[in-house]
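As structure tokens, the structure follows; a few thoughts come after it.
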Amino acid sequence: MELDLTHIPQHIAIIMDGNGRWAKQRGLPRTAGHAEGVETVKRITEECVHLGVKYLTLYTFSTENWNRPSDEVSALMGLVLTNLEEEIFMKNNVRFKVIGDIKRLPDDVQKRLWQVIENTADNDAMTLVVALSYSSRWEITNAVRDIIWEMKQTNLTRATIDPDEITEEVISEHLDTYFMPDPDLLIRTGGEKRISNYLLWQIAYTELYFCDTYWPDFGAEALHEAIVDYQQRERRFGKTSEQVQTENETSK
């Protein structure tokens, strides 16, 4: 089946897995795999812009990754700092955004992140979102904390918070991802079949795709295969096939 350019997912999220194993197979240090993975990010970003994807969210560094050896963490932070080139964003008209517990990052990394966010704010071909020091449990916990704090500040005369004020919409508005739609397609490279604390709230109805290819080897062809697989699925969002078919016919 060929790629249907009229049915491209608007938001693709990717768990970029396999950098370390890619390096190990080649007798290289894990950091070499991470460096090669950065090159893959550039290629996939350009291909997604070419295909018309509007949001690309990449799981770059989780809160759990802080538990890795300190030399690997330092190398990863260095890669973020040295490879965050504005050229890739400006050349492709890409806006840059970050989600996660950014305050835990080194000061120089934080400064560079905010620079690129500000300088690319007007770009509108696609938004590239990098999840740094991110985990979904952290994000949801932080959102709930913010909601309670805001309600306490706006309802100082009340002793308790009304549970009915806590809705799905309120929670979504307080997540780091408030500015973008939920992913249509989630891709995980590297052969593992788990979500690893990534966008748990947002992927309630996302199509999941797992492949064995290590992230450094994941190119345009592999991306196309994932999208073709997505295009063959029927997204029902809890409805029956008959309901979806009727809605599709009505919308034509």
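Within the stretch 159-178, track down each residue that is at pLDDT below 95 and part of a loop (DSSP other than H, G, I, E, B).
Ala159, Thr160, Ile161, Asp162, Ile166, Thr167, listed by residue number.
Please indicate, with yes or no, whether at least one residue in the stretch 179-190 is part of a loop (DSSP other than H, G, I, E, B), without any contact (Cβ under 8 Å) to a residue 40 or more places away in the chain and over 13 Å from Ile12 (Cα atoms).
no
Between Gln10, Gln25, which is at pLDDT 95 or above and surrounded by fewer than 13 Cβ atoms within 10 Å (Cβ to Cβ)?
Details: Gln10 fails: surrounded by fewer than 13 Cβ atoms within 10 Å (Cβ to Cβ).
Only one candidate passes the filter, namely Gln25.
Out of all the residues in the stretch 1-22, which are without any contact (Cβ under 8 Å) to a residue 24 or more places away in the chain and touching a helix residue (DSSP H, G or I) at 6+ places or on another chain (Cβ under 9 Å)?
Scanning the stretch 1-22 gives a single hit, Gly20.
Every residue in the stretch 197-252 that is in a helix (DSSP H, G or I), at pLDDT 95 or above and not charged (D, E, K, R), please. Break it down stepwise before answering.
Within the stretch 197-252, the subset in a helix (DSSP H, G or I) is 215-217, 220-231, 241-251.
Filter once more, so that each one left must be at pLDDT 95 or above: 215-217, 220-231.
Passing the criteria: Trp215, Pro216, Ala220, Ala222, Leu223, His224, Ala226, Ile227, Val228, Tyr230, Gln231.
Scan the stretch 161-172 and tell me whether some residue there is buried (at least 17 other Cβ atoms within 10 Å of the Cβ) and closer than 30 Å to Tyr230 by Cα.
There is no residue in the stretch 161-172 that is buried (at least 17 other Cβ atoms within 10 Å of the Cβ) and closer than 30 Å to Tyr230 by Cα.
Determine, yes or no, whether Val116 is buried (at least 17 other Cβ atoms within 10 Å of the Cβ), modelled with pLDDT under 95, touching a strand residue (DSSP E or B) at 6+ places or on another chain (Cβ under 7 Å) and not in a loop (DSSP other than H, G, I, E, B). Break it down into steps so the answer makes sense when it comes.
Numbers: buried (at least 17 other Cβ atoms within 10 Å of the Cβ): yes; modelled with pLDDT under 95: yes; touching a strand residue (DSSP E or B) at 6+ places or on another chain (Cβ under 7 Å): yes; not in a loop (DSSP other than H, G, I, E, B): yes.
Here the answer is yes, as Val116 does meet what is asked.
Do we have Pro29 as free of Cβ contacts under 8 Å to residues at least 24 places away in the same chain and not β-branched (Val, Ile, Thr) here?
When the stated conditions are applied, Pro29 passes them.
The values are calculated or read from the model by the stated rules, or taken from the named source; none is laboratory data. Everything numeric in this text was worked out from a predicted model, so none of it was measured. Counting neighbours? That spans all protein chains shown, and the Cβs are built from the backbone with ideal geometry, glycine included.
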